[in-house]
Structure formats: C-alpha cells, structure tokens
Amino acid sequence: MSKSLYVAAMEPSSGKSVIVLGVMELLSRRIRRIGFFRPVIRSAFEHDRELHLILSRYGSHLKYGEMYAYTQDEARDLVAAGRYEELLKGVVGRYQAMADRCRFVLCEGTDFSGISQAFDFAFNADVAKNIGAPVLALVSGRNRSLDEIADAARVARQSFEEHGCTVVATVVNRVEPDPREAVGVALEPAARDDGSIYVLPEDPALARPTVGEIAGALDARVLEGNADQLNREVHALLIAAMQLPNFLDHVREGALIITPGDRSDIILGSLASALSDTYPNIAGIMLTGGLVPERQIQQLIAGAKRTLTAILAVETDTYTTAMKASAIQARITPTNQRKIAAALGLFEAHVDGAALSDRITSIRSVRITPIMFEYRLIERAKSGRRHIVLPEGTEPRILRAAEILLRRDVADLTLLGDSDAIQLQAGSLGLDLSGARMVDPARSEWLETFADAYHELRRHKGISRAMARDAMTDMSYFGTMMVHRGLADGMVSGAVHTTGHTIRPSFEIIKTRPGCSIVSSVFFMCLADRVLVYGDCAVNPNPNSEQLADIAVSSAETARMFGIEPRIAMLSYSTGESGAGKDVDAVREATRIVRERRPDLMVEGPIQYDAAVDASVARTKMPESAIAGRITVFIFPDLNTGNNTYKAVQRSAGAVAIGPILQGLNKPVNDLSRGCTVTDIVNTVAITAIQAQEAKAGESVNR
C-alpha cells in the first residue's frame, strides 16, 4: 500500500503544474489528510508558486516551511562540496516528517533549473527511490513527432525503472490537439502492456501568461486595473510603433499593447477600442521608457466611470520590454480560478481518474471530507448534466461561476438578462461564456406563453393578465416559470436578490411536492473530517411540531441524496426526559411524528447538541441511544437557533457552509446568500443539478 507519489518531469516546460493540480484533486477525494512536498525550491526569499497554490487550495493543515527540504543554492552547495548523500538524507528526513503527519504525501520533483538536466533526473529518481514513492513520469509532447513522443515515453519508464523506481503511470502532456489521437495509437503497444499511459492536449488558455504575471515578472507599476483585468490572458504582444489609424488595423483579441508612455494617441486609441463593439477586447496596455501619460490624459482616464483595461508602466525601453515579456511563461496561481478550472477540466477529461487512483494507492477515507464532498458534487452533476437557469445574468460573481461550470462541464446554463449587457460585463471581466444561452425575458418568445400560464395559476388570487405579464418580465419569476415548464431543470439565484424574491415565485408556481407540507432548507457544514447537515437555518422562523417533523424527513432525504447516512437529532435545550416546557414538548412531539411516519429513519430527540455530536457526552446523557454522539443531521427548533448556530460553527470552527439548499419543492430552486463567493455559486449549481437528476429519476419511476 503506497503512502506517496512522486511526480517527475523529464524536461522543462512539461506542464507539470497541471498534472500536480489534477493528481492532488484526484487524491484528495479519497485521502482525508494529504501532504505536499518538494525536495528543492527555487529560493527562500520568494514564495514557491507550486507550494503557494497547493497551500491555498488544500493546505489548511500544512505549513509552508515544512513542505520542502532545501533551496536551490543550498542543494547546489552540498553537491559542489561532494555531499550528495547528505543532500539525499536531508530530503528523506524532511519528507518523513511530513509523512508522519499525513496519510499520503504527493511529491513534486525539481524544475530543471539546478545544476543540469541530467542531474535533475538522477536526483528526482534517487529521491523517489529513497522515500519509497512510485513515480508518475511526465513527458512533453510539444514540438515532437509521433515517433519522438513514443520514444520519450518509453525512455522515461525505462530510465526510472533502471534507477530502481516503480513507475505507476506515464503522462504525455502538451500534445498538439489534432494529432492527439494518433499519439494514442503510437503509444498503444505500451498502453496494452500496463494500461498506464495518458495523453493530454495542449490548452492555449493554460499556455498564455496573464497581464498580472507579466506585470510581476517585469516589476511593472499598475496604473489602472482590478484583479479581474490583471487575470486576463495575453494572447499576443503588440508593439505600437505606427500612427493610430494604421495601428488600429493590427489590434487583436487579447493583445497586450506595448507603447512608449508619451504616445497619447495610441493610449487613447487603445482605450477607445476597449469600449468599441467593432474592435476586439485587448488584454491591457504596457507603457515603456519610464514615461507616463500627460496630465490631461491621466485626468481623462481617472474620470472614466469604470476601468476599461489594465494599464502598466515599466522603466525599460519598448524593445527590451517586448523581449522580456515574450519570454514569460504562464503560471497557475491561487487567485486565477479560470486557469485552475481549465487545468482540472483538462486533466479530468483525459485521465481515467478511477484507474489512476487505484494504481497509486488503495487507501480509502472512512469519512466524507469537504474536498471529497465538493468533488462528488461536481462529478455527480457531470454524470447526468442538467440545465440550470441563473436569473442574475449580469452579476460578476455569477458570470465567473458560470465560466467555471462551463469549463468543467458541470451543467448547461441559461443566463437571464439583456444579452448585450451580459456580454459587455463578461468581456470586461475577460470571461468566455460562449457555451451559455442568454435570454432576455422582456424580449423572449416565451413571454406571452409564460404570462398565460401564470395568469391561469394565480387568477384565483386576483392576478389579471396584465399583472401576469408584468410578473413574467421579472427575472426570478421568468426563471421559475422556465423550470416549471421544463425549459430548465433547476434555478439558482440570490447573489443580488433577497431570499423572498428568489423563493416566492417557486411557492406560487412550482409549489411543494406531494406529502410535504412545508418548504425548508439545509446547510451542508463541511468540517475538517466530515460533512454534517443543518436544517432549517434559512426559511421558517417558528415551525410547529408537524412542520419540524417535515423538515426532519426532508433533511434526511437530502442527506441521503448526497451520500450522507442520515442519523437525525431533534435539537432542544433539554435531552431525553430531563426537561419539560412548551418548547421541549414541541420537539418531543415532532420526534414522535417522525418515528410514526418514517420508522426506517434513525432519529433521537429531544437532544442537546453536545449529546448529539460527542460520544462521551452521549454515553452520560443518553446511554441507551444507538445514534447519540454520531448524529449527521441536526434539526434546530427555530430559525433563530439554527441561523446563529451555523454561523457560529462556520466562523469558529473554520467550516465551509454550503447552502441554503431548499427542499420540499416539486422542482429544485436554490437561494444564494448575498455574500456568496464564486465557489459557493459553483457548489450550489452542482447541488441543484443533482436535485434535478433525482427529480427526473423520480418522475421515471412514477410513470
């Protein structure tokens, strides 16, 4: 049973970051406490990019200083002094300290910037052999013929095996997309032997540096530009030496304009092109020679209602700046969610994750960790893609989440709103939303049909045809009607709108499912080593006993839907028969109703939180209970208690709270917090897609 894996590239620029990120995501699904280790990093005076990326995404239990053994200078000095064995012993010692604290350690080899390429290979092989880690060998297919790629893959395996290493798999990365299938055919004999060769195509989006990366590498000052604009990919460098009319003929999508800082005509023309629908979106403007625009130009830029594009300034001349910029390699950084999504999507699309993880290790996690849970959400959503409508189509967080969802093939999406406004906003954020459908309710061909349907549903409440038509121009009502009529499978909203605005249309149009008297909500509380379900923390202020019972049953079904075995606690300030009073009696009655309606469910109540979650307390307070101390579903007696508790746990325990997830409706509609992050939106869309899958499966069974 392996406890580690060593990812080693055979040459520079192999796209190792993509493979490391993909493998880390893959292993994190199955391993609760995973470490990351590099034997050598570039310098102690600047953050290692790989360590920083892993720490930000997976490393809540890791410390930067424990994730590497030596800097490049330290390793070089030891080798020069003839102390290579000491170098290896030091690496093994630091690795073992990490391995002692983790159930599995992913190791990443050196970057081929040390003594020599041959030394780097031998060093990586020696480290892998001495720590007992199987090797994932990485070969670059860039600028190689089919025969050269096949030879490189064969030599990589043979070379590591000759050094006494076990090669668990070989990855050929950065292959031109067109001949990728031909590469697979060329490698077929080797793949038949052990089935462990994977081929990944070149992804131009990952090969392009961002404006921010170029700015950092050139030590540029950022005169204008927000985080989204600095994350734009640079497709090309365009040196502006011509007069403005001729220059404009050469403007291309994603170009970084490089021009002296005193060329006011080029600066203004470039800014105007960023505003124009007839010109491509540029990536930014780089001003050279240590010059900045004239005062009047600066005043004009400062007075713009929004920042049009990033503007950078460097001290070097135009030629030197262009040469330096052209040599900058793209990186995957923690702040660039687009590149992370693209890298994971590329890896997941071309690597058989189940087969590879089985080859790497047989260790399985006995609990659902947050990373596992979120991964399973994405995978389940992808397994039967549903169509989700997002009414807040111009909200930047929604658009950023939409691009991630599309890149990872999680769901089909419809964005509601004026299509020009959506595209303008997406363009200003540098997003590609070409895979999404855009619908403007006010101009939609469905508007009149929807108005008729809503009028029919609500005429008994005094809604006239004209009022129905007005309602259908509202994004939330229109999106809900799309779900009701089967034009979308689910809806997610609330990043801008209130909870009431989001869910009121669903009460009127979609309504509750048969056998459920109340719409309620749950949060998935992702703790360090498990996921709990909290309900109801968002919708019902003071549910009665019948409603509490309904909430409990719905929450148990939601838990089971997402792979959590439901063991229910009906929470109160009193445990068992120790207390009395109106509030405790209501919880006791709710518990009785749940047991009567659903004898198959494991439920305990009234019970206090400590007895529900702590086995030692449960043995004292409820020694006869089969589930006390092991509760997974917590039902709070009222909204005040539930809302405050989930926020306290979220902030104090560092838990990730996913939700609120609505339950009890005929079709899925989910509400977002107005403070939601892009990750929250991605997770909620995935959950909504899974709910839609379950609803569709239920319809098939009932037919």
1/(1 + (r/R0)^6) with r = Cβ-Cβ of Asp317 and His61, R0 = 41 Å, i.e. FRET efficiency to nearest 0.05, evaluates to 0.30
The simple spin-label model distance between Glu565 and Glu456, using points 7 Å out along Cα→Cβ, in nm, is 4.7
Largest-first ranking of Tyr573, Tyr534 by accessible area, probe 1.4 Å, whole protein assembly kept, is Tyr573, Tyr534
Full extension between Glu162 and Ser383 adds, at 0.36 nm per residue less the Cα distance, a length in nm of 75.5 nm
Neighbours of Ala283 by Cβ distance under 14 Å: Lys/Arg at +1, Asp/Glu at -1, summed charge -2
Simple SL model, points at 7 angstrom along Cα→Cβ for Ser43 and Ala122; separation in nm is 2.8
For Ile404, the accessible surface traced by a 1.4 Å probe with all protein chains present amounts, in square angstrom to the nearest 10, to 20
Cα-Cα longer than 32 Å, checked against Lys89/Lys324; Lys16/Lys382; Lys511/Lys647; Lys621/Lys647; Lys3/Lys696, kept in input order, equals Lys89/Lys324; Lys3/Lys696
The answer for the per residue Cα convex hull volume of the range 565-703, in Å³, is 139
With a 1.4 angstrom probe the carbon and sulfur portion of accessible area for the chain, in percent, totals 49
So, with points 7 Å from each Cα along the Cβ direction, the Arg306-Glu596 label distance in nm works out to 5.8
In degrees, nearest 10, the alpha-carbon axis of helix 49-58 is tilted away from the dominant principal axis of the alpha carbons of the chain by 10
Taking Cα pairs closer than 8 Å and at least 6 residues apart, the relative contact order of the range 191-240 in percent is 40
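Where Lys and Arg each count +1 and Asp and Glu each count -1, what net charge lies around Leu406 among other residues with Cβ under 9 Å from its Cβ?
Working: positive: Arg407, Arg408; negative: Glu403, Asp409, Asp412, Asp432.
Value of the local net charge: -2.
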Interchain or sequence-distant (5+) residues whose placed amide H lies within less than 5 Å of the amide H of Met602 are Ile568
For the Glu624, Gln650 Cβ pair and Förster radius 51 Å, calculated FRET efficiency rounded to 0.05 is 0.95
Cα-based Debye curve of the range 399-439 sampled at q = 0.15, 0.25, 0.34 Å⁻¹ gives log₁₀ I(q)/I(0) of -0.29, -0.81, -1.29
The relative contact order of the chain, taking Cα pairs under 8 Å that sit 6 or more residues apart, comes to a percentage of 11
Longest principal axis of the chain (C-alpha) makes with the long axis of helix 370-383 (C-alpha) an angle, in degrees to the nearest 10, of 90
In order over the range 277-292: 3J(HN,Hα) from phi, Karplus 6.51/-1.76/1.60, θ = phi - 60°, whole Hz, x for each Gly or Pro, gives 6, 9, 10, x, 7, 7, 7, x, 10, 10, 9, 10, x, x, 9, 10
Yeah, the chain with a ≥ b ≥ c from its alpha-carbon gyration tensor (a/c under 1.5 is rounded, else prolate when a/b outruns b/c, oblate otherwise) is oblate
Computed over the chain: longest principal axis from alpha-carbon atoms vs helix 639-652 long axis, angle to nearest 10 degrees, is 20
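The values are calculated or read from the model by the stated rules, or taken from the named source; none is laboratory data. Because the structure is a prediction, the values reported are computed rather than measured. Heads up, the Cβs are rebuilt from the backbone with ideal geometry, glycines too, and the neighbour counts pull from every protein chain shown. Heads up: the accessible areas ignore ligands, DNA and RNA and are worked out on the full protein's heavy atoms, side chains in. Shrake-Rupley method; radii C 1.70, N 1.55, O 1.52, S 1.80 Å.
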